[in-house]
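A.B. asks: Dumping the structure here so I can ask a few things about it.
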Amino acid sequence: MVYANFYFYGKTSILFVMRRDLALKRLAGADRRLRLYVYRKADLAVPFGEHGAALTRTVTSLCSAGILERAAHGVYVYSYSEHLGEGTLDEIVRCLRPGRVSWESLESALSQYGVISQIPMGRVTYMTTGRSGVFSTRFGVIELTHSKLPVSRILPGLVMRRGRLPIASKMFAYRNLKDVGRNLHLVDEEELYWDEDE
């Protein structure tokens, strides 16, 4: 199946056709070689070589075909990626808040450290130097909470993860929780202050 873009020059129209199989090949190649499978709409101009209305028609067509999936406004996921999984929400966050520092924190991080017993099901909580917001996707709910901290105070509290956004250290996640005025009654203080090296 093909989809077409039309450009008009005076009385002459030129038909440019980009086949879906070609678009699929380019997306699959980026997924395989670069582990790139979540895009802002503007980023898709690179593999497709299109801009403006032409790019919009291409993206709409690929979404209709199930090749791309709209995860949030202006953010698209390659549906056949080999890398879909626990890091997908992280990649969506990168696209939602480009150029900002974002990290997993609050209840999501503290539940991983065993500091709170209630694990947020289907929801991941992040802190970000960008705007707050909540985004419901097929992959789960993203909750972004704005941090006013300068980057110099954020970076020492982060634990880096390969191929993922960083996660707050246990005490930094707890400080994040207090700083934004979240409920502290679920926190197990014995677990919070327990040192694994003791």
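The values are calculated or read from the model by the stated rules, or taken from the named source; none is laboratory data. No experiment lies behind these values; they were computed from the predicted model shown. So basically every Cβ, Gly included, is an ideal-geometry build from the backbone, and we count neighbours across all protein chains shown. Heads up: the accessible areas ignore ligands, DNA and RNA and are worked out on the full protein's heavy atoms, side chains in. Shrake-Rupley method; radii C 1.70, N 1.55, O 1.52, S 1.80 Å.
A.B. asks: If Thr128 passes every condition in (1) of a type outside the set (Lys, Arg); (2) closer than 25 Å to Asp31 by Cβ; (3) modelled with pLDDT of 95 or more; (4) touching a strand residue (DSSP E or B) at 6+ places or on another chain (Cβ under 9 Å) but one, which one does it miss?
C.D. replies: (2)
A.B. asks: Shifting gears a bit: Scanning the stretch 92-112 for residues that are touching a Gly at 6+ places or on another chain (Cβ under 9 Å) and farther than 30 Å from Asp188 by Cβ, which turns out most open to solvent (accessible area, probe 1.4 Å)?
C.D. replies: So, considering only residues that are touching a Gly at 6+ places or on another chain (Cβ under 9 Å) and farther than 30 Å from Asp188 by Cβ, the one most open to solvent (accessible area, probe 1.4 Å) is Arg100.
A.B. asks: Scan (1) hydroxyl-bearing (Ser, Thr, Tyr); (2) crowded, with 22+ Cβ neighbours inside 10 Å; (3) over 17 Å from Val134 (Cβ atoms); (4) over 12 Å from the mean Cα position of the chain (by Cα) for the single condition Ser79 breaks and write down its number.
C.D. replies: (2)
A.B. asks: Go through (1) among the acidic types (Asp, Glu); (2) modelled with pLDDT of 85 or more; (3) outside any helix (DSSP H, G or I) one by one and return the number of the condition Glu191 breaks.
C.D. replies: (3)
Residue-wise test of (1) over 25 Å from Ala72 (Cβ atoms); (2) open to solvent by 90 Å² or more (accessible area, probe 1.4 Å); (3) polar (S, T, N, Q).
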residue	(1), (2), (3)
Gln118	yes, yes, yes
Met127	no, no, no
Arg131	no, yes, no
Val141	no, no, no
Pro166	no, no, no
Tyr174	yes, no, no
Leu184	yes, no, no
Tyr193	yes, yes, no
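A.B. asks: A further question follows. Within the stretch 42-54, is even one residue modelled with pLDDT under 95, surrounded by 11 or more Cβ atoms within 10 Å (Cβ to Cβ), in a strand (DSSP E or B) and of a type outside the set (D, E, K, R)?
C.D. replies: For the stretch 42-54, residues modelled with pLDDT under 95, surrounded by 11 or more Cβ atoms within 10 Å (Cβ to Cβ), in a strand (DSSP E or B) and of a type outside the set (D, E, K, R): absent.
A.B. asks: List the residue pairs whose Cβ atoms are under 6 Å apart, where the first residue sits in the stretch 179-194 and is under 16 Å from Gln118 (Cα atoms) and of a type outside the set (Val, Ile, Thr), the second is open to solvent by less than 100 Å² (accessible area, probe 1.4 Å) and assigned to a loop (DSSP other than H, G, I, E, B), and the two are 6 or more positions apart or on different chains.
C.D. replies: Sorted first by the residue in the stretch 179-194, then by its partner, the pairs are Asp188/Val115; Glu191/Gly114; Glu191/Val115; Leu192/Val115.
A.B. asks: Taking only pairs six or more apart or across chains, which ones have beta-carbon atoms under 8 Å, a first residue in the stretch 153-164 that is without any contact (Cβ under 8 Å) to a residue 40 or more places away in the chain, and a second residue that is open to solvent by less than 100 Å² (accessible area, probe 1.4 Å) and among the small types (Gly, Ala, Ser)?
C.D. replies: Sorted first by the residue in the stretch 153-164, then by its partner, the pairs are Gly157/Ala168; Gly157/Ser169; Val159/Ala168; Val159/Ser169.
A.B. asks: Sort through Ala65, Ala72 and tell me the only one that's surrounded by fewer than 19 Cβ atoms within 10 Å (Cβ to Cβ) and modelled with pLDDT under 95.
C.D. replies: On the way: Ala72 fails: modelled with pLDDT under 95.
Every option except Ala65 fails the conditions.
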